[in-house]
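Remarks on the structure that follows.
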Amino acid sequence: MANKINRKCQGCAQISDRENLIKITLYNNKLYINPSSKILGRSMYICKNVNCVKNAIKKKRLFSALKFKNFEEISCIETKLLEMVSNI
């Protein structure tokens, strides 16, 4: 039996199994939505929920959790995340 890996959602602060969350990774000054978890680097997790994504955007969690200040790239990733969770 494999151990479940738990992570905290940056939108709602709930702890959940990593497989139930969306992983965003900073690698070589570029942000990736990283569903396979194959890209290593500074990462954060968000629930697959519109309210959590909106809350993380409102509280600027991508800036603080990833310690990344490229506003254009963060804005692009935020838009992609909203589209992704709207379709779930």
### Eligible aspartates and glutamates near K80 by straight Cα distance, threshold 20 Å, same-chain separation 8 or greater
E19, E72
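Percentage of Cα-Cα pair distances in the chain greater than 17 Å, rounded to whole percent? Display every interim value, and only then the final one.
On the way: 1637 of 3828 pairs.
Roughly 43 percent, once rounded to a whole number.
Please identify every one of the trypsin sites (Lys or Arg not before Pro) in the chain that sits in a loop by DSSP and has no more than 14 other beta carbons within 10 Å of its own beta carbon.
Answer in residue order: K4, K38, K59, K60, K67, K69.
Which of the residue pairs K4/K69; K4/K54; K8/K30 have a Cα-Cα distance greater than 25 Å in the structure shown?
Details: K4/K69 32 Å; K4/K54 27 Å; K8/K30 22 Å.
With Cα atoms farther than 25 Å apart: K4/K69; K4/K54.
Give the ranking of T25, T79 by solvent-accessible surface, highest area first, calculated with a 1.4 Å probe.
Working: T25 0, T79 70 Å².
Most to least solvent-accessible, the answer reads T79, T25.
Among residues other than R18 whose Cβ falls under 15 Å from its Cβ, what is the net charge (Lys/Arg +1, Asp/Glu -1)? Mind showing how you got there, number by number?
Working: positive: K4, R7, K8, K23, K38, K48; negative: D17, E19.
Around R18, the charge tally is +4.
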### Message
Need the full-extension length gain, A13 to K58, defined as separation in residues times 0.36 nm minus the C-alpha distance. One decimal, nm.
### Response
14.8 nm
### Query
Relative contact order, percent, of the chain when contacts are C-alpha pairs under 8 Å separated by at least 6 residues?
27
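Can you give the helix-only mean residue ellipticity at 222 nm for the chain, where every DSSP H stretch with n ≥ 4 adds -39500 (n - 2.57) and the sum goes over all residues, rounded to the nearest 500 deg cm²/dmol? Can you show the working numbers first?
Numbers: 3 runs with 31 residues, N = 88.
So the helix-based figure for the chain works out to -10500 deg cm²/dmol.
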### Computed FRET value (nearest 0.05) for I33 with N3, which takes r as the C-beta separation and R₀ as 30 Å
0.75
### Query
At a 1.4 Å probe, what is the % contribution of carbon and sulfur to the accessible area of region 17-88?
49
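The values are calculated or read from the model by the stated rules, or taken from the named source; none is laboratory data. Only a predicted model underlies this, so the values are computations on that prediction, with no experimental measurement involved. We place every Cβ from the backbone using ideal geometry, glycine too, and count neighbours over all the protein chains shown. Each accessible area value is taken on the protein alone, full model and side chains, heavy atoms only, with ligands, DNA and RNA left out. Shrake-Rupley method; radii C 1.70, N 1.55, O 1.52, S 1.80 Å.
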